[in-house]
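Following: one structure in structure tokens, then a few remarks.
The values are calculated or read from the model by the stated rules, or taken from the named source; none is laboratory data. As the structure is a computational prediction, the values presented were derived from the model and not from experiment. Neighbour counts run over all protein chains shown; Cβ positions are idealised from the backbone, glycine included.
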């Protein structure tokens, strides 16, 4: 029964036969020089858009390990590759460490005689013995030469007997880490003898030990135990690097400058939140010699079918392809994998978004089988009961003759700046499916080019009528300017929104004017607020004091002939715009930009802004400060990071100035070159 209901799938790519990816892959697969190890989150294995399957098909040297979240407790056991001895001695000074790296002691036939002829003075010094076998570290228990000086000189066999066997089957664990949920390390034990006064050193002290990190850089084996059961055992060879934007990550080209050759690339496969959790709950990733990152400004091919946090966040296969291109792998084979990935996304997009004009999943009816209709009993109806029912044509789109483009916010968006990406498909119109005669472009619903703006201006002048006299204005303001006015609209950080225009007309049904109280980021530019209120509503500002406005409807306003304003059913996701702050400010070098940022962070704050405050005098204060100072800091501790960036965007054009840093809810502004 189940086998008949399921679609036949390809055993290689696990996709339906009609959407099989194997036929699209180039044959043979790419023989990559740098091997790839993918740590795949358990929830990503059976996802329909999992891109790891393309890496399996397109790369020869690739391995995939499934990783589960830690809910209670997990334990990691780390062993050095090829190490079978019981102790590793790292209790040495930097001079000893450099000496042993430069000239290792090899116990072969030629060196045994030298060791046996060591005099008693050198053996009495009590130094430790570290054995090196052809470049790989072979360590044993620390021996005091004063105690075994005679026995060592007796021959090679006795040295081996006292030090102990180096059989791999009897090796002890190098590091053992016990960890709780969300990466909280509860206990660390190891066989390293670090130079520290603490009996149980922390994991950070192991990371800070250059000798321990040098040992681990030669490769190690990590085993994870989850709730007493082994989850995976993974061999991490020498030259492994993690592809993840951590604090320690560097560009791949920087490793080439330092002559560090990568032999294995470890990649985390999952959503960005799951990838961060995998990084926290696998502390052995921090023991890798290198962390690398990609800096790509383009949008991912995933953007239409899976949500991306921001521009530059790529899928797993895209990250692998771009990283391996920088490492010098074959571009043709890598481009083929990108083409296959793009075709897979296109298949999903076609199946998800139908080709109908007004298709919108949140409002689309479910495709349920039709039920057979029962025969209704005939009833004797009177003449009144047989009257036809009214027909509601709710499917017809609303036609509006307003001459401007419909946007969520008119005052807080700049139509001149084009977005670089969208967080939701353009088919998701916030007005609902088929409810508006305009198409949604992702940022606005453009007006028809046939709309006559001059006719709209003439009708507005007719509605306003003759200008109010001073006595009429005084009487009108006195009625509506006080805080206890019942006809009030609060204007927040969204500015002049589309639905606010409809609220204004609803107030105008029973009142001549409406009081508008402005708070937050829009108060930086009150002229802009007044302009959009008058233009979009057709009214007139008759009173303006700091952040309080009184909007008059006009002498000849008729509520029955008010303009048609279709409502937005929800707030659309804001598009992705280019980054405001550049790594290097225009007109400055990198060092000068860094110096300006440090000066700004350590300078006293010009103003301390509050959340949803009134910022009408901020532009003037910043402009005056720039007459004497080159860098200005604004303290936005209680404002929030999102509002902090909106303030920086507005100040850039209003002052004008150059925002060079947003950090810890602080805004650092540079006045720019004087010319």
Quiz item: Which residue pairs have Cβ atoms under 8 Å apart, sit 6 or more places apart or on different chains, and have a first residue in region 9-20 that is closer than 11 Å to residue 48 by Cα and a second that is in a loop (DSSP other than H, G, I, E, B)?
Solution: 13/20; 13/21; 14/46; 15/21; 16/7; 16/8; 16/10
Quiz item: Is there a residue being more than 20 Å from residue 588 (Cβ to Cβ), under 25 Å from the mean Cα position of the chain (by Cα), in a loop (DSSP other than H, G, I, E, B) and modelled with pLDDT under 90 anywhere in region 640-660?
Solution: yes
Quiz item: Do we find a residue being under 30 Å from residue 611 (Cα atoms) and not in a loop (DSSP other than H, G, I, E, B) anywhere in region 454-462?
Solution: no
Exercise. Name every residue in region 242-253 that is surrounded by 13 or more Cβ atoms within 10 Å (Cβ to Cβ) and not in a loop (DSSP other than H, G, I, E, B), in order of residue number.
Key: 242, 243, 250, 251, 252
Quiz prompt | The lone exception for residue 652 - which of (1) buried (at least 17 other Cβ atoms within 10 Å of the Cβ); (2) under 29 Å from residue 418 (Cα atoms); (3) touching a residue at least 60 places away in the same chain (Cβ under 8 Å); (4) not assigned by TED's automatic domain parsing to the domain that holds residue 537 it fails | solution = (1)
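Can you find even one residue in region 430-453 that is within 25 Å of residue 556 (Cβ to Cβ) and part of a helix (DSSP H, G or I)?
Checked against the condition, which is being within 25 Å of residue 556 (Cβ to Cβ) and part of a helix (DSSP H, G or I), region 430-453 yields at least one hit.
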Quiz prompt | Residue tally, condition surrounded by 20 or more Cβ atoms within 10 Å (Cβ to Cβ) and out of contact with any helix residue (DSSP H, G or I) (no Cβ under 9 Å at 6 or more places or on another chain), over region 533-557 | solution = 0
Quiz item: Which condition does residue 629 not pass, out of (1) surrounded by fewer than 21 Cβ atoms within 10 Å (Cβ to Cβ); (2) out of contact with any strand residue (DSSP E or B) (no Cβ under 8 Å at 6 or more places or on another chain); (3) under 25 Å from residue 547 (Cα atoms), if it passes all the others?
Solution: (3)
Quiz item: On the given criteria, is residue 569 in contact with a helix residue (DSSP H, G or I) (Cβ under 8 Å, 6 or more places away or on another chain) and not assigned by TED's automatic domain parsing to the domain that holds residue 295?
Solution: no
Quiz item: Restricting attention to region 513-532, which residues are crowded, with 18+ Cβ neighbours inside 10 Å and not in a helix (DSSP H, G or I)?
Solution: 513, 514, 515, 516, 518, 520
Quiz item: Out of region 600-628, which residues are part of a loop (DSSP other than H, G, I, E, B) and in contact (Cβ under 8 Å) with a residue 24 or more places away in the chain?
Solution: 603, 604, 605, 606, 609, 610, 611, 612, 613, 615, 616, 626
Quiz item: (1) within 30 Å of residue 609 (Cβ to Cβ); (2) out of contact with any strand residue (DSSP E or B) (no Cβ under 6 Å at 6 or more places or on another chain); (3) not in a helix (DSSP H, G or I): which one isn't true of residue 499, the others all being true?
Solution: (3)
Quiz item: Does any residue of region 21-36 turn out to be within 22 Å of residue 300 (Cα to Cα) and within 27 Å of the chain's Cα centre (by Cα)?
Solution: yes
Self-check item: Sole residue being part of a strand (DSSP E or B) and either touching a residue at least 60 places away in the same chain (Cβ under 8 Å) or in the same structural domain as residue 415 (by TED's automatic domain parsing) (or both), chosen from 542, 581
Solution: 542
Practice problem: Scan region 440-453 residue by residue and report those that are surrounded by fewer than 17 Cβ atoms within 10 Å (Cβ to Cβ) and at pLDDT 90 or above. | Solution: 441, 446
